[in-house]
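Some notes on the structure that comes next.
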Amino acid sequence: MPLPPQPNPPAFSPTFAHVPPGPLAGPLQLLPINATVVAVHTADGAHVGSLKLVGGIWKFKAIGYDAAGRMEPGHGPLTEQHNMAFATPDAAEVSARLLGALAGGASSSA
């Protein structure tokens, strides 16, 4: 089931670089890659992970980047939410749950 196009904020431009510690710019943005992968970016464009369709369940896969810009799967600012499950790649739910868990306001299990 393809993800419908979603409007991006005016300042949104995808980036693939180290995200320093601290709060993340929300809401998170979902960018479809193919039928089973959706990139997850902060509102200001930083790539922080992907949703992957695994066995009929969408799972969040955290991604970080080191200071040299090398990708580090399973790392980054949302490391603790790695493998959080979602029924669908709904931008509002994904943003609320991932950012809520980051702030300590939600459980990282589904």
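The values are calculated or read from the model by the stated rules, or taken from the named source; none is laboratory data. As the structure is a prediction and not an experimental result, all values here were calculated from the model. Here the Cβ positions follow ideal geometry from the backbone for every residue, glycine too, while neighbour counts run over all protein chains shown. All accessible areas refer to the heavy atoms of the entire protein, side chains included, with ligands and DNA or RNA removed. Shrake-Rupley method; radii C 1.70, N 1.55, O 1.52, S 1.80 Å.
Structure notes:
- Residues that are exposed (fewer than 13 other Cβ atoms within 10 Å of the Cβ) and modelled with pLDDT under 90 were ranked within the range 18-47; the one that is farthest from D66 (Cα to Cα) is P23.
- Listed conditions (1) surrounded by 15 or more Cβ atoms within 10 Å (Cβ to Cβ); (2) at pLDDT below 90 are all met by P14, apart from (1).
- Of all residue pairs spaced 6 or more apart or on separate chains, those with beta-carbon atoms under 7 Å, a first member in the range 78-105 that is on the phi > 0 side of the Ramachandran plot and touching a residue at least 24 places away in the same chain (Cβ under 8 Å) and a second member that is outside any helix (DSSP H, G or I) and surrounded by 20 or more Cβ atoms within 10 Å (Cβ to Cβ) are N83/F60.
- Filter result for T79 (of a type in the set (V, I, T) and either surrounded by fewer than 12 Cβ atoms within 10 Å (Cβ to Cβ) or modelled with pLDDT under 85 (or both)): no
Quick grid of which residues meet (1) within 14 Å of L28 (Cα to Cα); (2) modelled with pLDDT of 95 or more; (3) open to solvent by less than 20 Å² (accessible area, probe 1.4 Å):
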| position | (1), (2), (3) |
| --- | --- |
| F60 | yes, yes, yes |
| A68 | no, no, no |
| E72 | no, no, no |
| H75 | no, no, no |
| R97 | yes, yes, no |
